[in-house]
Structures are given as structure tokens and as C-alpha cells.
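Q: Before I ask anything, here is the structure I am working with.
The values are calculated or read from the model by the stated rules, or taken from the named source; none is laboratory data. Note that the structure is a prediction, hence the values are computed from the model and not measured. With ideal geometry, Cβ positions are generated from the backbone for all residues, glycine too; neighbour counts draw on all protein chains shown. Heavy atoms of the whole protein, side chains included, go into the accessibility calculation; ligands, DNA and RNA do not. Shrake-Rupley method; radii C 1.70, N 1.55, O 1.52, S 1.80 Å.
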Amino acid sequence: MSIYDSIRSQIVPVTPEGYPFIGAFALVSLILFWLWSPLGWVGTVLTVWCVLFFRDPERVTPTGAGRIIAPADGKLLPIVEAAPPPELGLGDAPRARLSIFMNVFNVHV
């Protein structure tokens, strides 16, 4: 394995939909460096945050009976009984509602 491949294997891939945002952040950072160097460093930190926001790590789904797989990273909020929204056409009977709170550090893909 080459050094390039070794480094590349350690970097978390970025979803392609994030490239325009990352590019915009990087461009603004360059402009901020041109205006005033300390602002450029703030822009660089925000660009790194943008890259981390759009990361798309490889997921391995666990197998086995009786497992529940969450559709998103985050914190499972308390499970409540609630009627589904009318536009879903599921009736008025209350059902279990599971909600996941995602903060800015969770994967949003």
C-alpha cells in the first residue's frame, strides 16, 4: 500500500451533495484571508466543520434476530403515543412515535 492510499483510507468520505457547500466555504475562507488573516482562519475552521458535517462513513448493519436499526445517528427521545399526521392516511389511532434528536456533530446523510 502506498503512503497516499494509507492516508486516503483514514479519511472519512464526503457525500457528493456536500461539495458545493464545502467549495463555497473554502472560497469565502480564501476571500477572508485576502481581507484579514485572522478572519481567514475563522473561515478555515468553518470549512473544516462543513467537511465534517457532510461526512459519509461506511456503515455496517448488525445482523441477528431481535435487533432494531436506527435510521439516523443521534439520541433517541422518549417514546410517546401520538396520532400520525393526517397526510399519511394512517387513521386517527395513536401509535408509538420514535423521534431522534440530531445535533450538528451527528452524520446527516
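Q: Across region 74-92, what is the number of residues that are in a strand (DSSP E or B) and within 24 Å of ASN106 (Cβ to Cβ)? Give the derivation first.
A: Taking region 74-92 and keeping what is in a strand (DSSP E or B), we get 75-76, 80-82.
Then drop every residue that is not within 24 Å of ASN106 (Cβ to Cβ), which leaves 75-76, 80, 82.
Looking only at that region, the number is 4.
Q: Sort out which residues of region 68-94 are in contact with a strand residue (DSSP E or B) (Cβ under 9 Å, 6 or more places away or on another chain) and open to solvent by 100 Å² or more (accessible area, probe 1.4 Å), and write them in order of number.
A: Initial filter on region 68-94 (in contact with a strand residue (DSSP E or B) (Cβ under 9 Å, 6 or more places away or on another chain)): 70-77, 79-84, 94.
Matches in region 68-94: PRO71, LYS75, ILE79, GLU81.
Q: If you don't mind, there's one more thing I want to ask. Given the criteria open to solvent by less than 70 Å² (accessible area, probe 1.4 Å), assigned to a loop (DSSP other than H, G, I, E, B) and either out of contact with any Phe, Trp or Tyr (no Cβ under 7 Å at 6 or more places or on another chain) or over 25 Å from PRO13 (Cβ atoms) (or both), does ALA65 qualify?
A: Values: open to solvent by less than 70 Å² (accessible area, probe 1.4 Å): no; assigned to a loop (DSSP other than H, G, I, E, B): yes; either out of contact with any Phe, Trp or Tyr (no Cβ under 7 Å at 6 or more places or on another chain) or over 25 Å from PRO13 (Cβ atoms) (or both): yes.
No, not satisfied.
Q: Scan region 1-26 for residues that are open to solvent by less than 100 Å² (accessible area, probe 1.4 Å), under 14 Å from VAL51 (Cα atoms) and part of a helix (DSSP H, G or I) and jot them down.
A: PRO16, GLY18, PRO20, ILE22, GLY23, ALA24, PHE25, ALA26, listed by residue number.
Q: Now for a separate question. Under 6 Å between Cβ atoms, at least 6 apart or on separate chains: pull out the pairs that start in region 3-25 with a residue that is within 18 Å of LEU46 (Cβ to Cβ) and in contact (Cβ under 8 Å) with a residue 24 or more places away in the chain and end on any residue that is open to solvent by less than 90 Å² (accessible area, probe 1.4 Å) and part of a helix (DSSP H, G or I).
A: Once the first residue is within 18 Å of LEU46 (Cβ to Cβ) and in contact (Cβ under 8 Å) with a residue 24 or more places away in the chain and sits in region 3-25, its partners that are open to solvent by less than 90 Å² (accessible area, probe 1.4 Å) and part of a helix (DSSP H, G or I) give PHE21/CYS50; ILE22/CYS50; ILE22/VAL51; PHE25/LEU46; PHE25/THR47; PHE25/CYS50.
Q: A further question follows. Kindly list, by first and then second residue, each pair from a residue in region 85-109 that is small (Gly, Ala, Ser) to a residue that is in a loop (DSSP other than H, G, I, E, B) and modelled with pLDDT of 90 or more, limited to pairs with Cβ atoms under 6 Å and residues at least 6 apart or on different chains.
A: Qualifying pairs under 6 Å: ALA96/ILE79; SER99/LEU77.
Q: Being among the charged types (D, E, K, R), open to solvent by 80 Å² or more (accessible area, probe 1.4 Å) and touching a residue at least 12 places away in the same chain (Cβ under 8 Å) is the filter here, so list the residues in region 34-62 that pass it. Spell out the reasoning first.
A: Residues of region 34-62 that are among the charged types (D, E, K, R), as a first pass: 55-56, 58-59.
Within this subset, residues satisfying the condition of being open to solvent by 80 Å² or more (accessible area, probe 1.4 Å) are 58-59.
Across region 34-62, the qualifying residue is only GLU58.
Q: Can you report the number of residues in region 63-84 which are β-branched (Val, Ile, Thr) and without any contact (Cβ under 8 Å) to a residue 12 or more places away in the chain? Walk me through it before giving the result.
A: In the first step, residues of region 63-84 are kept if they are β-branched (Val, Ile, Thr); the result is 63, 68-69, 79-80.
Checking which are without any contact (Cβ under 8 Å) to a residue 12 or more places away in the chain leaves us with 63, 68-69.
Total satisfying the criteria: 3.
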